[in-house]
Amino acid sequence: MNKVICPECRRATEVVVDHAAGDMVCSECGLVLEAHSIDETSEWRTFSNESSSNDPVRVGGPSNPLLTDGGMSTIITKPNGAQGDFMSSLGRWQNRGSNPDRSLIIAFRTIATMADRLGLVSTIKDRANEIYKKVEDLKSIRGRSQDAILAACLYIACRQEDKPRTFKEICSVANGASKKEIGRATKFIVKQLEEEMGMSMEMGTIHAGDFLRRFCSHLGMTNTAVRAATDSVKRSEQLDIRKSPISIAAAAIYMISQLSDEKKPLKDISRVAGVAEVTIRNSYKDLYPHAAKLIPEWFAKEDDLKNLCAP
């Protein structure tokens with residue numbers, strides 16, 4: 001029983017819930033605090049050993065404004081215990097009918113699967129769906145790789161929601177589409193939407209810190225090393241280092257790793273960041289002269305900086 005403030009008793013009292021009537025009643029004075037309340041819990045419980053064909057749920061998913069019918073169409077199935085083939089025939093005829101949203105539904109499911117594998121939030125999925133719907137309405141993606149287009153939509157959505165992912169991370173869930181194909185699809189989509197809107201498309205700004213913690217987690221670095229790398233990346237933004245944010249993050253990790261007890265090989269950093277070792281070395285070459293300014297004093301003293309490898 002939960003406690004709420006009863007207006008009759010004028011103090012916090014325990015509440016009794018009458019599930020049959022949908023009423024919430026004060027246990028002290030019997031005042032009905034809420035009548036005909038709606039039970040928002042699950043209607044049924046499904047257990048793992050039950051057959052998936054006997055699903056008792058009577059409601060569908062949420063409405064989708066990107067679909068023609070809002071995703072609220074009726075699906076005809078054969079009821080349990082029904083005799084004859086009449087209902088089965090109706091279901092077959094419905095499947096044979098033309099559904100204008102069939103390709104959209106498949107695309108949205110693919111985007112949701114990719115987003116789930118990357119651990120992305122629902123707002124990014126919705127943004128990717130909106131981008132794909134706009135591009136699909138332009139009828140300009142015919143003949144192009146569908147997997148690359150969907151992956152590019154997800155990449156753009158991550159950028160716009162300030163949760164960027166690298167092309168390598170998107171490529172790992174893109175059902176066979178290469179980084180080059182996804183890159184080309186991204187440029188194509190941005191160009192098409194900018195021509196449609198008549199203005200430049202907002203893609204968000206990428207910072208090295210957007211990737212740093214994820215890279216450090218994959219490398220199994222300690223919390224102290226992660227904090228030091230984060231501080232180094234923030235301080236690097238004050239310098240005029242014209243390198244990609246991903247390579248700067250990788251170079252900062254490489255620099256901090258040399259001063260920590262658990263050193264990480266450059267090849268491991270390259271594998272996690274999806275950046276060539278040569279690229280990381282070039283970025284490290286730009287960071288090395290500013291090591292005294294970049295590395296926090298609480299992590300390494302000035303004498304410790306002598307242990308850094310010369311570029």
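Tabulated results
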{"read-out": "Where region 175-282 is the region considered: accessible area per residue in Å², 1.4 Å probe", "value": "55"}
{"read-out": "Fraction of accessible area attributable to carbon and sulfur, region 203-278 (%, probe 1.4 Å)", "value": "46"}
{"read-out": "Karplus 3J(HN,Hα) series, Hz, for region 282-296 with 6.51 cos²θ - 1.76 cosθ + 1.60 (x for Gly, Pro)", "value": "5, 5, 4, 4, 6, 7, 4, x, 9, 4, 5, 7, 7, 7, x"}
{"read-out": "Packing-based order for 263-270, 296-303, 128-135, using average beta carbon neighbours within 10 Å, highest first", "value": "128-135, 263-270, 296-303"}
{"read-out": "Entries in 133/180; 134/243; 168/243; 234/267; 180/263; 243/293 that, when Cα-Cα distance is taken, lie over 26 Å", "value": "134/243; 180/263"}
{"read-out": "Peptide ranges 204-215, 16-27 listed from the most packed, as the mean C-beta count within 10 angstrom indicates", "value": "204-215, 16-27"}
{"read-out": "Region 2-23 and region 215-240: distance between their alpha carbon centers, rounded to Å", "value": "52"}
{"read-out": "Rg/Rg_globular for region 199-276, with Rg_globular taken as 2.2 N^0.38 Å and Rg from C-alpha atoms", "value": "1.12"}
{"read-out": "Amide H contacts of residue 33 (H built 1.01 Å from N, under 5 Å, at least 5 apart or other chain)", "value": "24, 25, 26"}
{"read-out": "Inter-label distance, nm, simple model (7 Å from Cα along the C-beta direction), residue 142/residue 200", "value": "3.4"}
{"read-out": "Gain in span if fully extended, residue 184 to residue 172, counting 0.36 nm per residue against the direct Cα distance", "value": "2.7 nm"}
{"read-out": "Cα-Cα separations in region 141-247 greater than 17 Å, expressed as whole percent", "value": "61"}
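The values are calculated or read from the model by the stated rules, or taken from the named source; none is laboratory data. Quick caveat, the model's predicted, so the values are computed rather than measured. All Cβ positions, glycine included, derive from the backbone under ideal geometry; neighbour counts span all protein chains shown. What goes into the accessible areas is simple: the full protein's heavy atoms, side chains included, and nothing from ligands, DNA or RNA. Shrake-Rupley method; radii C 1.70, N 1.55, O 1.52, S 1.80 Å.
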